[in-house]
Amino acid sequence: MSSQETVSGNEGTAVLDVDRRLLIDGKLVTTEQTFASINPATGEILGYAPNAGVAEAEAAIAAARKAFDTTSWATDVEFRIKCLDQLHQAMLDNLEEFRALTIAEVGATYINTQGNQLEAPIGIIRYYADLLRTYPLTEQLGEVDIKGQKHNRWIEKEAAGVVSAIIAYNYPNQLAFAKLIPSLAAGCTIVLKGAPDTPLITLALGELIANHTDIPAGVVNVLSSSDVETGKIMTTHPDVDVVTFTGSTPVGASIMAAASASLKKVFLELGGKSALIVLEDADFGTVAQFAAFSICSNTGQGCALTTRLLVPRAHHDEIVAKVAGMMAHVPVGDPTNPKIYMGPLISEKQRDKVDGLVQRAVEAGATLVTGGTRIDPGYFYAPTLLANVHPDSEIAQEEVFGPVLAVIPFDDDDHAVEIANNSKYGLSGGVLGADDDRAIAIGRRIRTGTFSVNGGNYFTPDVPFGGYKQSGIGREMGTAGLEEFLQTKAFATVVK
């Protein structure tokens, strides 16, 4: 196996080092067993990652526990700010290496790395370093008279403890930063496990921390593993205080059940089946562009993407034709090409799942307007549009995680709201229409954690992100994201 691969990008050619190691207790280590990371654009082996087992997970948890209990990390706010500043600068200094690795391992396009795949998440580090400079860790409640004696009360926020963080493959940089950075800002220590499909990116982050920051040994531990037992020990170990997971709803439910035995704090960012409602007074050309390019963003592998397009019944065929025409203009291909918008799916397994859902949708009565085909080599799948979809059908209810848009007709605003809320998920949604007030009023009726009005972008480091119903528990990013990793302690003294 070659330890380097050349990846062409907009800035020339980057040399990609794919030899990666685990970070445990401040040391970069490997394991006897490894597993392959596949380049989804070619189907070829990109590199090999150490396959951490239960022993490595237990060592990482022990290191995190020791660092939390015996160092000043949890109490030294100024030092934490300094370390976050160092990490932010290190990411900027090593941006092109991370870009090349993200393109090669995720199949993310160069365009996407300029946004939520890489450059935008780096802003999470800056946001929390700055927030920590002003966040009130102490709140005075004042004096109160109880039975003739005055008592002074106040609240202090302190780190919740040792965190186990398990992330998904679709946005590995974003997901890692959204868990790692606020936990560090809060004073927690952490064991971070990357997704088996994208282990090298997360390991690269661990190496960056080890080599370019003063974060003490044990505060951050980074694992890669294809062994389900490794994830299980991270969610059940008695020395873990907080579990945070991003991934599918069924796995999230199993993690919550496993963590319940020791009453760990659990917060989850899970699936979605978000609806984009098109009002009759919307500009249908804008609708087509927004809908087509949104569903193809990151090849449809985004939990908050609007995968259901709800349209007025009288305009169904007109809008479908415009969306299909726009999908034909989505550039699909080699993700290293800066002109390409959509790359491959993460794996052949995922492509099989997507294709199966599309074929069953057609069998159930949906109209296949465009797409529904595999593109080789690699794990590409054509942008796909399904029309006349029944709101209760599998394709309208299940998360696809691919570039597949289901068009559902509605009769009036109330009917659109009813269809949008007809889901076990509640992560996001949107409305497109001429009247902002009407659109906002509709948005307030949709049971989701985030909502876009006429293309508004809520996905920034200062906005809390999370869902209702089976889309998760808790919030990432924003002040709420910091507070997920804090405990509240109340104090009182007798006023003398």
Just from its helices, what would the mean residue ellipticity at 222 nm be for the chain, if runs of 4 or more DSSP H residues each count -39500 (n - 2.57) and the sum is divided by every residue, rounded to the nearest 500 deg cm²/dmol?
-> -11500 deg cm²/dmol
Ignoring ligands, DNA and RNA, how do PHE68, PHE380 rank by accessible area with a 1.4 Å probe, largest first?
-> PHE68, PHE380
Accessible area per residue in Å² at 1.4 Å probe, computed on the stretch 135-186 = 38
Output ³J(HN,Hα) for the stretch 268-283: one whole-Hz value per residue in order, computed from phi by the Karplus curve 6.51 cos²θ - 1.76 cosθ + 1.60 with θ = phi - 60°, and x for Gly and Pro.
-> 10, 10, 10, x, x, 8, 6, 10, 9, 8, 9, 8, 5, 9, 6, 7
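Can you tell me the accessible area per residue over the stretch 423-472, all protein chains present, probe 1.4 angstrom, in square angstrom?
Counting only protein heavy atoms, the per-residue value for the stretch 423-472 is 44 Å².
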Could you pull out every residue, at least 5 positions away or on a different chain, whose amide H is within less than 5 Å of the one on LEU310? Hs are placed 1.01 Å off N in the peptide plane, and Pro or chain starts have none.
-> LEU276, ILE277, VAL278, ILE408
Proximal lysines to LYS150, defined as alpha-carbon separation beneath 16 angstrom and excluding residues fewer than eight positions away on the same chain = LYS496
If amide H atoms are modeled at 1.01 Å from N in the peptide plane, then the residues at a separation of 5 or more from TYR48, or on another chain, having amide H under 5 Å from its own are SER37
Check: C-alpha center the stretch 125-159 vs C-alpha center the stretch 390-456, spacing in Å is 40
For the stretch 248-259, in residue order, the Karplus 3J(HN,Hα) values (coefficients 6.51, -1.76, 1.60; θ = phi - 60°; whole Hz; Gly and Pro = x) are 6, 5, x, 5, x, 5, 5, 5, 4, 5, 5, 6
To the nearest Å, what is the center-to-center distance of the stretch 253-271 and the stretch 100-120, using C-alpha atoms only?
-> 30
Förster-model FRET efficiency, 25 Å R0, ILE375 and SER248, C-beta, rounded to 0.05 | 0.50
With a 1.4 Å probe and every protein chain kept in, tell me what percent of the accessible surface of the chain is carbon plus sulfur.
-> 51
Sorted by accessible surface (1.4 Å probe, heavy atoms of the protein chains only), largest first, ARG351, ARG475, ARG313 come out as ARG313, ARG475, ARG351
Derived scalar couplings ³J(HN,Hα) [the stretch 227-232; Karplus, 6.51 cos²θ - 1.76 cosθ + 1.60; whole Hz; x for Gly, Pro] | 9, 5, 5, 5, x, 4
Work out, in µm²/s and without decimals, the Stokes-Einstein translational diffusion coefficient of the chain at 10 °C, 1.306 mPa s, Rh from Kirkwood over C-alpha pairs.
-> 67
Candidate residues VAL251, VAL407: accessible-area rank, largest first, probe 1.4 Å | VAL251, VAL407
Projected label distance in nm at ARG447 and PHE79, using a 7 Å step from Cα toward the beta-carbon = 4.7
Separation between Cα centres of the stretch 303-320 and the stretch 196-231, rounded to whole Å = 41
Which of the trypsin sites (Lys or Arg not before Pro) found in the stretch 141-194 are loop residues per DSSP with 11 or fewer other Cβ atoms within 10 Å of their Cβ?
-> LYS147
With a Förster radius of 56 Å, plug the Cβ-Cβ distance of THR134 and HIS390 into 1/(1 + (r/R0)^6) and report the FRET value to the nearest 0.05.
-> 0.65
Violations at 22 Å Cα threshold for listed pairs LYS157/LYS469; LYS232/LYS353; LYS232/LYS265 -> LYS157/LYS469; LYS232/LYS353
Once amide H atoms are placed 1.01 Å from N in the peptide plane, what residues at a sequence separation of 5 or more from THR34, or on another chain, have their amide H within under 5 Å of its amide H?
-> ASN51
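Given R₀ = 22 Å, FRET efficiency for THR71-LYS27 by Cβ-Cβ distance, to 0.05?
0.85
Within 10 Å, at most 15 other Cβ atoms, and a DSSP state outside H, G, I, E, B define an exposed site. Report the longest part of the chain free of exposed GluC sites (Glu not before Pro).
In short, 33-279.
The values are calculated or read from the model by the stated rules, or taken from the named source; none is laboratory data. Treat the numbers as computed from the prediction; the structure is a model and nothing was measured. Positions of Cβ are generated from backbone atoms using ideal geometry, with glycine treated the same way; all protein chains shown enter the neighbour counts. Please note that ligands, DNA and RNA were not included when accessible areas were found on the heavy atoms of the full protein model with its side chains. Shrake-Rupley method; radii C 1.70, N 1.55, O 1.52, S 1.80 Å.
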